[in-house]
Amino acid sequence: QVQLVESGGGLVQAGGSLRLSCAASGTVFKIDDVRWYRQAPGKLRELVANIYSDGSTSYTDSVSGRFTGSRDDAKKTVYLQMNSLKPEDTAVYYCNADIHPTVAPRSYDYWGQGTQVTVSS
């Protein structure tokens with residue numbers, strides 16, 4: 001059984017920073033690509049960042065240059081460093097990962113429960 005748990009959200013003033021963590025636990029053999037999404041009230045869930053298995057990253061335009069994704073495979077944890085936060089970054093942030101529970105080639109899609117980020121103006 002695999003679980004993804006996000007942490008690090010909170011309330012911050014505009015211009016501030018937060019670092020989100022997404023930790024995998026349970027039967028985890030390997031973590032492939034990981035994605036960070038966010039969903040603001042009344043809006044669709046939005047893909048914010050990709051953190052690929054080789055460590056490379058990509059971002060949606062609205063966060064590019066402000067957010068940085070990284071991973072520590074030994075700790076089975078992925079991070080999203082968020083700097084220069086804006087009120088429009090307010091949302092619930094979710095991590096989503098492709099995980100191999102065993103050495104078998106097939107991976108499965110897992111979601112965390114989300115962590116609230118609120119940026120005040």
Alpha-carbon radius of gyration plus Dmax, which is the widest Cα pair, for the chain in Å: 14.1, 48
Local electrostatic count, GLN3, Cβ distance below 14 Å [Lys/Arg +1, Asp/Glu -1]: -1
Once you have the Cα-Cα distance between VAL103 and ALA14, take 0.36 nm times their residue separation minus that, and quote the gain in nm to one decimal. 27.6 nm
Can you give me the Kirkwood hydrodynamic radius for the stretch 72-121, using every pair of distinct Cα atoms, in Å to one decimal? 13.3
Per residue solvent-accessible surface (Å²) - the stretch 11-55, probe of 1.4 Å: 54
I need to check one value: relative contact order of the chain, counting alpha carbon pairs closer than 8 Å and at least 6 residues apart, in percent. 36
What residues from the stretch 5-21 fall in the zone where the backbone N is under 20 Å from a label point 7 Å along the Cα-to-C-beta line of SER84? 12-20
Summing Lys, Arg as +1 and Asp, Glu as -1, what charge do residues with Cβ under 14 Å from the Cβ of SER17 carry, SER17 excluded? +2
On the accessible surface of the chain, probed at 1.4 Å with all protein chains in place, carbon and sulfur together account for a percent value of 49
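The values are calculated or read from the model by the stated rules, or taken from the named source; none is laboratory data. This one's a predicted model, so the numbers in the text were calculated from it and none came from an experiment. Cβ: placed from backbone, ideal geometry, glycine included. Neighbour counts: every protein chain shown. When the accessible area is computed, the model is the full protein with side chains, heavy atoms only, and any ligands, DNA or RNA have been set aside. Shrake-Rupley method; radii C 1.70, N 1.55, O 1.52, S 1.80 Å.
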